[in-house]
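Just so you know, all these numbers are worked out from the coordinates, no wet-lab data involved. Note that the coordinates shown come from a computational prediction; the quantities given were computed from them, not determined experimentally. Here the Cβ is made from the backbone with ideal geometry for all residues, glycine too, and neighbour counts use every protein chain on show.
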Amino acid sequence: MRKLLTITELSKKLNLINSDDKKPLNHILRYWEKEFKQIRPKKIRNRRYYSPEQVETIKMIKFYIKDKGMTIAGVKNLLNANIKLDDYNSDSLKTLYYKNFIKDKSNSLLNKLKKIKRHGKKNSLKN
């Protein structure tokens, strides 16, 4: 069974957190949901649940908007174009996104390995 994330879980996963009160910025995801047709969470009892595919799309949207400073219109054009320019351009935006994704995953795995070395296997994988 695939794991669906609630809007709050996804906000935390994407680090969309208010720096002052540490509350998740769910309104950003709701706004992106209105702007991007690719984001259509399942609604069960008026709660939003995001599939792994939608999570990846939202991560990419966040990367383009927050990290690369693109406009919403620019990201819409990029997602709607659905072209394969990345095959020829190693400095493209998608390539940068995937490089960051792999870097984050690698750092996460390295941190888990460090915890295992420090505290042993039993208590280190609770994160």
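Residue-wise test of (1) in contact (Cβ under 8 Å) with a residue 40 or more places away in the chain; (2) under 22 Å from SER108 (Cβ atoms); (3) surrounded by fewer than 17 Cβ atoms within 10 Å (Cβ to Cβ).
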{"position": "LEU5", "(1), (2), (3)": "yes, yes, no"}
{"position": "LEU10", "(1), (2), (3)": "yes, yes, no"}
{"position": "LYS13", "(1), (2), (3)": "yes, yes, yes"}
{"position": "LYS37", "(1), (2), (3)": "no, no, yes"}
{"position": "PRO41", "(1), (2), (3)": "no, no, no"}
{"position": "ARG47", "(1), (2), (3)": "yes, no, yes"}
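Scan segment 24-35 for residues that are among the charged types (D, E, K, R), surrounded by 11 or more Cβ atoms within 10 Å (Cβ to Cβ) and out of contact with any Lys or Arg (no Cβ under 9 Å at 6 or more places or on another chain) and the total you get is 0. When the helices (runs of 4 or more DSSP H) confined to segment 1-67 are screened for residues that are under 18 Å from LEU79 (Cα atoms), those reaching at least 2 such residues are found at 26-35, 52-62.
Selection of segment 49-83 for residues being of a type in the set (Val, Ile, Thr) and surrounded by 13 or more Cβ atoms within 10 Å (Cβ to Cβ) yields VAL55, THR57, ILE58, ILE61, ILE65, ILE72, VAL75.
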